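S.K.: Quick one: this structure, given as structure tokens, is what I'll be asking you about.
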Amino acid sequence: VFVSPSCASCNKSVTDLVKKGIPFDLFVVGSRNDDLVIREWAKSAGIPPEQVRSRQITLNHDSGQWLDLGGLSGTLPAAFKRAGNQWLPVEL
């Protein structure tokens, strides 16, 4: 799941995933490799720290993956699922 700290609808989408108990990897676009940005965003989205510790949810800096998936023309939040060697968009 790709989000941005400045994306208002991203919080709701991630909160919904958490409530459904769906494990996911979170990539924060525009975090400038600042762990505090990710931690604060995760806290505001209601991501339980115990789910991060147990690796049900991972918190990651986007290191170009969003651009690799065509992010310049897409909107956030966005979710993808790996199918073999392909990444397929998933409805949030």
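S.K.: Return the carbon/sulfur percentage of the accessible area of the chain, one whole number, probe 1.4 Å, all protein chains in place.
M.R.: 52 percent
S.K.: What is the spin-label model distance, in nm, from Asp68 to Leu92 if the labels are put 7 Å beyond Cα along the C-beta direction?
M.R.: 2.0 nm
S.K.: Same structure, new question: Please give the length that would be gained between Ala8 and Asn85 if that part of the chain were fully extended, namely 0.36 nm times their separation in residues minus their C-alpha to C-alpha distance (nm, one decimal).
M.R.: 24.6 nm
S.K.: Another one. Points 7 angstrom from Cα along the Cβ direction at Asn33 and Lys19: gap in nanometres?
M.R.: 3.7 nm
S.K.: Give the long-range amide H neighbours of Asp25: residues separated by 5 or more places, or on another chain, with amide H under 5 Å away, using H modelled in the peptide plane at 1.01 Å from N.
M.R.: Correct list: Thr58.
S.K.: Using a 1.4 Å probe and ignoring any ligands, DNA or RNA, find the accessible area of Lys81 and quote it in Å² to the nearest 10.
M.R.: Near enough 130 Å² of accessible area.
The values are calculated or read from the model by the stated rules, or taken from the named source; none is laboratory data. Since the structure is predicted, the reported quantities are computational estimates derived from the model, not experimental observations. Heads up, the Cβs are rebuilt from the backbone with ideal geometry, glycines too, and the neighbour counts pull from every protein chain shown. SASA here: full protein model, heavy atoms, side chains in, ligands and nucleic acids out. Shrake-Rupley method; radii C 1.70, N 1.55, O 1.52, S 1.80 Å.
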